[in-house]
Amino acid sequence: MGFTEELYKKYSAEMSMNTHAAPMNEEQFSAVVVDKLRSYTCLCARDGEAITGALFYSFRTENGRLLCDIPVYGYFASSLTLLEKLFQAVANAAMQHGMPVRFSVGLYAHDEEALRLFSLLQFGITAQRGVRCIPAEEENAFDIRLISKEELAGFWDEIWALAEGIGQQLRSAPAFLPGEEFGEDDEDRCWRFFTADTTRVFGAFAEGQLVGILETDDEEDDLVCMNHWNVRMGNAFLLPQYRGSGMAEALLRYAETYEAQRGAEYAWVEHSTANSVSRHFWNRYFESWCFRLERDVEQL
């Protein structure tokens with residue numbers, strides 16, 4: 001793939017802005033990204049023999065809707081005008097399927113020109129991804145511990161109420177995001193995920209009651225933590241009356257210390273931008289490197 005050099009330039013420019021990432025060199029990037037892009041279609045622009053732009057995309061259908069995905073590591077163009085033309089070509093191909101389309105585009109967090117372009121194309125930012133080098137252990141003044149797999153059943157009513165609290169936050173502002181992905185039908189899925197061997201659930205307690213949770217799991221981000229053990233942070237929720245007390249940070253730091261003792265060097269998170277509580281918490285500790293933008297288009 002002759003265009004991997006250009007893809008790497010965009011990746012390298014983003015990584016140079018991030019003080020926490022452990023970026024790949026060009027050889028590593030090429031090996032990883034070429035493998036990831038095998039399932040994508042490439043739309044290229046050329047000037048003679050030179051490739052001046054490329055946009056990778058995939059189509060799949062789900063529940064009567066065409067999903068068009070453009071990954072963050074799969075675009076470059078010599079100008080914004082060319083990038084827009086490449087996307088319009090992909091969009092036109094998507095609309096030929098004759099069904100509603102959800103476009104999902106990954107853009108580097110510091111690619112301000114591309115972010116502005118897609119905002120002009122009526123895309124909205126729905127999620128952002130950040131990374132953090134796990135800091136040294138600090139003293140913890142709160143009652144926080146790992147909830148063992150054997151204890152999960154006994155605590156499940158409290159855990160599910162806390163996990164469902166994320167959806168309640170989103171549904172409290174339905175103009176931004178309905179929070180349907182946190183519906184009651186997802187309790188079985190949540191139970192399977194929390195009880196999996198690859199997931200750890202940490203609890204914060206006050207007066208013997210479980211008042212907050214934070215989950216970590218073994219999903220890795222190989223683009224920013226290549227060759228470094230990293231873990232994903234997610235499903236964090238604290239009862240409102242305990243926010244601002246330092247408990248949430250202590251919960252995060254306890255989980256990070258636990259993961260560091262297992263050998264992890266980095267933690268990463270991807271979270272919805274519509275949840276202001278979540279956004280303000282994660283962005284305080286994690287350095288963003290990627291945004292996910294979406295737009296739904298109905299057929300005329």
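Computed values, structure above
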| read-out | value |
| --- | --- |
| Qualifying strands (runs of 3 or more DSSP E) (wholly inside region 62-124; at least 2 residues being at negative phi and among the small types (Gly, Ala, Ser)) | 101-108 |
| Residue satisfying condition, being in contact (Cβ under 8 Å) with a residue 60 or more places away in the chain and farther than 30 Å from residue 61 by Cβ, within set 247, 233 | 247 |
| Matching entry among 293, 251 (being outside the structural domain of residue 216 (by TED's automatic domain parsing), surrounded by 19 or more Cβ atoms within 10 Å (Cβ to Cβ) and not β-branched (Val, Ile, Thr)) | 293 |
| Some residue of region 141-157 being in a helix (DSSP H, G or I), surrounded by 14 or more Cβ atoms within 10 Å (Cβ to Cβ), in the same structural domain as residue 190 (by TED's automatic domain parsing) and of a type in the set (Phe, Trp, Tyr) | yes |
| Checking residue 231 against (1) closer than 20 Å to residue 168 by Cβ; (2) touching a helix residue (DSSP H, G or I) at 6+ places or on another chain (Cβ under 7 Å); (3) of a type outside the set (S, T, N, Q), the condition it does not meet | (1) |
| Residue within region 263-273 that is at pLDDT 95 or above, surrounded by fewer than 18 Cβ atoms within 10 Å (Cβ to Cβ) and among the small types (Gly, Ala, Ser) present | yes |
| Selection count, region 54-76, where residues are surrounded by fewer than 21 Cβ atoms within 10 Å (Cβ to Cβ), small (Gly, Ala, Ser) and touching a strand residue (DSSP E or B) at 6+ places or on another chain (Cβ under 9 Å) | 1 |
| Residue 129 being modelled with pLDDT of 95 or more, outside the structural domain of residue 11 (by TED's automatic domain parsing), surrounded by 12 or more Cβ atoms within 10 Å (Cβ to Cβ) and not in a helix (DSSP H, G or I) | yes |
| Residues located in region 48-58, provided they are in contact (Cβ under 8 Å) with a residue 12 or more places away in the chain and more than 20 Å from the chain's Cα centre (by Cα) | 51, 52, 53, 54, 55 |
| Selection within region 276-300 - closer than 24 Å to residue 237 by Cα and in contact with a Ser or Thr (Cβ under 6 Å, 6 or more places away or on another chain) | 279, 292 |
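The values are calculated or read from the model by the stated rules, or taken from the named source; none is laboratory data. In this text, all values refer to a predicted model and were calculated from it rather than measured experimentally. Note that we place each Cβ from the backbone using ideal geometry, even for glycine, and neighbour counts take in every protein chain shown.
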